[in-house]
Structure formats: C-alpha cells, structure tokens
Amino acid sequence: MTETVIDLKNVSLTLGQGATSVHVLKDLSLEIFAGEATGIVGPSGSGKSTLLMVIAGLEGVDSGSVTIAGKRIDGRSEDEVAAFRGSNIGIVFQSFHLIPNMTALENVAVPLELAGRGDAFGIAARELEAVGLKDRVTHYPGELSGGEQQRVAIARALAPEPKILIADEPTGNLDQATGRQISDLLFSKATERGMTLVLVTHDSVLAGRCDRQIAMRSGRIESGRLHTAVSA
C-alpha cells in the first residue's frame with residue numbers, strides 16, 4: 001500500500017486582520033504519496049505558495065490538520081516544527097535565499113551544523129559535488145551565476161537527506177536553458193533519493209513533468225489529475 005507522506009484535512013488560513021484580511025486557504029484537503037512528484041499550479045493569488053508554506057510548517061493554519069511524514073505539525077511550537085522540518089523537509093525558493101557573506105560550502109553546511117550533524121562540511125562538499133559545483137565551493141553567492149546559486153540552494157535542501165523536497169517557482173529567476181537544467185536536477189535527485197517532490201510553478205512544461213498536477217483557484221483545489229509525466 002502506498003504511504004501517504006503529506007495529508008492535509010479541511011485546512012483554512014486567513015492572513016492579515018480586519019479590512020485587510022484575506023482568506024487564503026479555504027477548507028482545503030490534500031493527500032500526496034511517498035515518492036510522488038506533484039506540481040501545484042494556478043493564477044497569482046490562488047494560494048499555491050501559501051499551501052507550500054503550510055506543508056513546510058513555515059505557516060500555521062487556523063483550522064484543520066496538517067500531517068507530514070506521519071507527524072501532525074499543526075498546533076506544535078515553532079521550535080518543534082523547526083526541528084522536524086530540519087530533518088524531514090528540504091526547501092528551494094525562487095530567490096535562492098543564500099547568505100551573501102558565506103561561501104557555497106558554508107551556506108550548505110549551516111543547516112547541518114544547526115541540526116547538530118557531525119561532519120557538516122564534509123557532507124556539504126559532497127552535496128555540492130553532486131549538483132555539479134565541486135569547483136565552486138569557496139565562492140560567495142555574488143561570485144556565482146543565478147543557476148549556480150540555485151544549485152547551491154538545492155544542495156542545501158538535499159544535505160539533511162529529507163523525505164520531502166518542496167520548491168517554490170524554482171526556475172522563476174532563471175533563463176529558459178538554465179531553468180531546464182535546474183528542473184532536470186530537481187527531478188533526478190528526487191528520483192535517485194526516493195524523495196517526494198512538491199513544486200509550485202507557472203511553467204506548464206515543468207508542471208507537466210510531474211506525476212500529478214493540482215490546480216488551485218481562490219484558495220481551493222480546483223482539480224487534481226494523474227498523468228504520464230513527459231521529459232520535455
């Protein structure tokens with residue numbers, strides 16, 4: 001029987017207060033299975049990035065349950081969720097989020113050190129080599145191209161060996177050719193390591209490579225379909 005690794009039930013979330021409040025997620029339920037690649041698509045403001053942040057435990061919910069890798073994370077303290085996330089969820093953002101005054105090696109090693117992992121720098125070096133940056137470990141983010149910075153971010157996400165890899169518009173700041181390389185890297189690493197991949201994207205080609213697409217609109221899941229992923 002296929003293991004459910006992400007299970008959201010009747011999740012609602014409102015951001016802001018008073019006249020500026022926005023009901024971002026509306027009684028949303030979602031189940032994603034282990035090893036599945038899921039693309040979340042929809043227009044701007046549909047709630048897809050917020051959904052990703054809820055899955056990552058970076059945004060709490062007003063109601064409903066959020067169970068990730070068999071553990072309910074809604075209602076837990078920030079420290080508990082952060083510790084859980086550090087071991088189970090890797091995150092890749094559109095804008096890289098690298099620390100500018102740290103080298104590529106240091107950027108990848110930081111979360112490992114915070115988690116108390118031994119040989120953080122050795123692991124970081126191996127992950128950078130795995131994403132094709134063996135010769136760039138001592139370079140700072142400002143000395144790297146956009147594609148190289150995203151590779152560092154991917155190495156950082158992979159280093160703790162998470163069960164789940166989530167990516168929010170991972171190719172959004174890259175040209176088409178570089179974006180293709182980054183998407184190839186994400187899918188290949190997820191497959192190699194048996195990870196569950198969840199990504200938000202406006203790129204129909206990238207979404208089309210996933211096992212399933214979830215379409216969102218106005219804070220709800222409009223449709224979800226399984227299909228044969230393509231390599232285009």
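The values are calculated or read from the model by the stated rules, or taken from the named source; none is laboratory data. Keep in mind that what you see is a predicted model, and the values were worked out from it rather than measured. Every residue, glycine among them, receives a Cβ derived from its backbone with ideal geometry; neighbour counts consider all protein chains shown. All accessible areas refer to the heavy atoms of the entire protein, side chains included, with ligands and DNA or RNA removed. Shrake-Rupley method; radii C 1.70, N 1.55, O 1.52, S 1.80 Å.
Can you tell me how many residues within the stretch 145-172 are open to solvent by 50 Å² or more (accessible area, probe 1.4 Å) and on the phi > 0 side of the Ramachandran plot? Counting residues in the stretch 145-172 that are open to solvent by 50 Å² or more (accessible area, probe 1.4 Å) and on the phi > 0 side of the Ramachandran plot gives 1.
Of all residues in the stretch 180-202, those satisfying the criterion of being crowded, with 20+ Cβ neighbours inside 10 Å and not polar (S, T, N, Q) are ILE182, LEU185, LEU186, LYS189, ALA190, MET195, LEU197, VAL198, LEU199, VAL200.
Condition check: part of a helix (DSSP H, G or I), farther than 16 Å from ARG85 by Cβ and either of a type in the set (D, E, K, R) or open to solvent by 20 Å² or more (accessible area, probe 1.4 Å) (or both). Does ALA177 satisfy that? Against the criterion (part of a helix (DSSP H, G or I), farther than 16 Å from ARG85 by Cβ and either of a type in the set (D, E, K, R) or open to solvent by 20 Å² or more (accessible area, probe 1.4 Å) (or both)), ALA177 qualifies.
Give the stretch 133-144 a look and list any residue that's open to solvent by 60 Å² or more (accessible area, probe 1.4 Å) and touching a residue at least 12 places away in the same chain (Cβ under 8 Å), or say none.
Matches in the stretch 133-144: ARG136, THR138, TYR140, GLY142.
Of all the residues in the stretch 1-37, those that are under 19 Å from LYS48 (Cβ atoms), open to solvent by 60 Å² or more (accessible area, probe 1.4 Å) and not in a strand (DSSP E or B) number 0.
Among the residues of the stretch 38-70, those identified as open to solvent by less than 10 Å² (accessible area, probe 1.4 Å), touching a residue at least 60 places away in the same chain (Cβ under 8 Å), part of a strand (DSSP E or B) and of a type in the set (Val, Ile, Thr) are THR38, ILE40, ILE68.
In the set (1) within 20 Å of ARG151 (Cβ to Cβ); (2) modelled with pLDDT of 90 or more, ASP203 fails one condition alone, (2). One residue stands out among those in the stretch 71-96 that are touching a helix residue (DSSP H, G or I) at 6+ places or on another chain (Cβ under 7 Å) and not aromatic (Phe, Trp, Tyr): the one that is most open to solvent (accessible area, probe 1.4 Å), which is LYS71.
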